[in-house]
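Coordinate-derived values only; no laboratory data. Everything quoted here is computed from the prediction, not taken from an experiment. Because the Cβ atoms are built from the backbone with ideal geometry, glycine has one as well, and the counts that use them run over all protein chains shown.
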Amino acid sequence: MTFFSCHNKQKNYNQNPVTEYAKQWTQNIKQKIIEDANQQEDKVVYDTTRRLEVTLYKADKKLKTYLFTPSRDTKGKLTLTDTIVTFFYSTDQNFKLVKEHCPNSSRIFEGITYNDNHLGVFELKYCDGKTKEIGYRFNGNVGVWLEFDRNNNVIKDTDYGNIESLEELKNIKYYR
């Protein structure tokens, strides 16, 4: 994940020990989830009831889920073209790394959920990879959220307060 570097408000924001911890926590959890999700699967399940979905399992625990954009080839046969969302799961299934991809969305998203609640760094990017919006989540938005234009200029900042709630990330442990 990319963080701010040029704007004064960004520099001051980067120096906050609570947000620095949240960034490190997010990066560490992300790395562990990816390690867990990259185990060799022993089962693949295809689900087309609501959308085109492929889930990889190991010993009945989810490793990864891919959601695809359906399309049809010239003969009318259903094909999978673009991955629109990828989920990576922790071994205990409590953590999930969520990645939404372009071109099926006007943005890229990457974030971590714990028991289906977004926690830590929450980042949206334009399809070209530049940051669109970034902030922190813990039981909702907390602290300063920054929104950028396509030239990486801050166009909006919103302070949701309650930044100290990120201290609670210290109590959320990753178990294998």
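For every other residue with a beta carbon closer than 10 angstrom to the beta carbon of residue 124, add +1 if it is Lys or Arg and -1 if Asp or Glu, then tell me the sum. Mind showing how you got there, number by number?
Details: positive: 107, 125, 132; negative: 100, 110, 123, 133, 147.
Net charge around residue 124: -2.
Can you compute the radius of gyration and Dmax for the stretch 8-166, using only the Cα atoms, both in Å?
Here Rg and the maximum Cα pair distance are 17.9, 58 Å.
Please order 44, 54 by the number of other Cβ within 10 Å, starting at the fewest.
Ranking 44, 54 by Cβ neighbours within 10 Å, fewest first, gives 44, 54.
Here are some pairs, 99/125; 132/173; 23/132; 23/99; 23/170; which of them have Cα atoms lying more than 20 Å apart in this structure? Spell out each step's value before the answer.
Details: 99/125 11 Å; 132/173 29 Å; 23/132 17 Å; 23/99 17 Å; 23/170 12 Å.
Over 20 Å Cα-Cα: 132/173.
So what is the relative contact order of the stretch 8-166, in percent, for Cα pairs below 8 Å that sit 6 or more residues apart?
14
Could you state the angle between the C-alpha long axis of helix 17-37 and the longest principal axis of the C-alpha atoms of the chain, as a value from 0 to 90 degrees rounded to the nearest 10?
Rounded to the nearest ten degrees, it is 10.
Run the numbers on the stretch 26-77 and let me know its relative contact order in percent, using alpha-carbon pairs under 8 Å that are six or more apart.
On the way: 57 pairs, mean separation 13.6, N = 52.
Taking the mean separation of contacting Cα pairs over the length of the stretch 26-77, I get 26 percent.
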